[in-house]
Amino acid sequence: MDPLLLRVRTPSSVVLDAPVRAVRAEDASGWFGVAPGRTELVATLPVGLVVYRDDEGEGFIAVGGGLLHLCGRECRVMVRDAVATRSLAAVGPELERYVDRRERRIARERGIIDDLAREALRRLVERGRR
């Protein structure tokens, strides 16, 4: 069976571009597998792992969230951040860093939304006084 071509990219680099036998990833509904012959697929990936199997065994990619697109024999993974390794133990610290970064970004965005809501409410109150 012909392999899949797994291409993992960040905005600044190509993390992996190699033939693989299978890919496992996680989306909001849980883990799913991708192998040659599967129908086209697009999935949103949270901060987590992409696991692949090739002739050398299993490999792991810590991802900072992004998209997976399977089309034909090409599986493209486009993510903010990614680190590829053969050691599952090496992935843990990267995932922790991605989770921390995501939580800080969410808190910052939540603060911006709160500021906008307060400003909108203030303007509505001012209009009501006129």
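The values are calculated or read from the model by the stated rules, or taken from the named source; none is laboratory data. Since the structure is predicted, the reported quantities are computational estimates derived from the model, not experimental observations. Every residue, glycine among them, receives a Cβ derived from its backbone with ideal geometry; neighbour counts consider all protein chains shown.
Of all residues in region 61-101, those satisfying the criterion of being in contact (Cβ under 8 Å) with a residue 40 or more places away in the chain, assigned to a helix (DSSP H, G or I) and either of a type in the set (S, T, N, Q) or crowded, with 16+ Cβ neighbours inside 10 Å (or both) are V91, L95, Y98.
W31 falls short on exactly one of the conditions (1) touching a strand residue (DSSP E or B) at 6+ places or on another chain (Cβ under 7 Å); (2) touching a residue at least 12 places away in the same chain (Cβ under 8 Å); (3) not basic (K, R), and that condition is (2). Test V47 against the criterion of being crowded, with 17+ Cβ neighbours inside 10 Å, at pLDDT below 95 and within 19 Å of the chain's Cα centre (by Cα), and give yes or no. So V47 fits the description; yes.
For region 25-42, a tally of residues being within 15 Å of the chain's Cα centre (by Cα) and in a loop (DSSP other than H, G, I, E, B) returns 2.
Residues in region 5-29 that are closer than 22 Å to E103 by Cβ and exposed (fewer than 14 other Cβ atoms within 10 Å of the Cβ): P11, A28.
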